[in-house]
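I have placed the structure first, in the form of structure tokens, so that the comments after it can refer back to it.
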Amino acid sequence: MLIARLSMAGADLVTLDNIDDPSVERWLAKAPVLIIDEVALAGREGGEAALRADPRWRGIAVIGGAAADPAMPARIAREDAAAAIEAMLPGWGYPEP
């Protein structure tokens, strides 16, 4: 459902096992949005703060868990992910679906 909503909003979708893979460079000119889950985020050096400071991403949405730092934006509950991310689209420069 999330993929369909994002596609209808005009987003180009790519899935990756490794966001540090050099193939990500192909999409950087478009300032991609990163949607990552708490398990993948837990393995990131520097944690959420380092990921959010990475200039490659237009926006970041973290699905699941709780932020270790209360200053970090709220996490998205898995069951609400499609609706919550759809609501974020205008803030990322996409038109509302």
| message | Going residue by residue through the range 16-35, is there one that turns out to be part of a helix (DSSP H, G or I) and touching a residue at least 60 places away in the same chain (Cβ under 8 Å)? | response | no
| message | Quick check on the range 53-70. Is at least one of its residues surrounded by fewer than 16 Cβ atoms within 10 Å (Cβ to Cβ), of a type in the set (Asp, Glu) and more than 20 Å from Ile19 (Cα to Cα)? | response | yes
| task | Within the range 39-52, work out how many residues are open to solvent by 70 Å² or more (accessible area, probe 1.4 Å), farther than 20 Å from Glu25 by Cα and either within 13 Å of the chain's Cα centre (by Cα) or not small (Gly, Ala, Ser) (or both). | result | 1
| task | Return the total of residues in the range 31-55 being under 16 Å from Thr15 (Cβ atoms) and not acidic (Asp, Glu). | result | 8
| remark: How many residues of the range 71-88 are acidic (Asp, Glu) and exposed (fewer than 12 other Cβ atoms within 10 Å of the Cβ)? The answer is 2
| query | If we keep just the residues of the range 60-97 that are among the charged types (D, E, K, R) and closer than 20 Å to Ala40 by Cα, which is modelled with the lowest pLDDT? | reply | Asp69
| said: Quick check on the range 53-76. Is at least one of its residues of a type in the set (Val, Ile, Thr) and either touching a Gly at 6+ places or on another chain (Cβ under 8 Å) or outside any strand (DSSP E or B) (or both)? | reply: yes
| Assuming Ala40 fulfils every condition listed in (1) at pLDDT below 85; (2) in a helix (DSSP H, G or I) apart from one, which condition is it? | (1)
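The values are calculated or read from the model by the stated rules, or taken from the named source; none is laboratory data. Computed from a predicted structure; not experimentally measured. All Cβ positions, even for glycine, are placed from backbone atoms using ideal geometry, and neighbour counts span all protein chains on display. We work out accessible area using only protein heavy atoms, side chains counted, and drop any ligands, DNA or RNA first. Shrake-Rupley method; radii C 1.70, N 1.55, O 1.52, S 1.80 Å.
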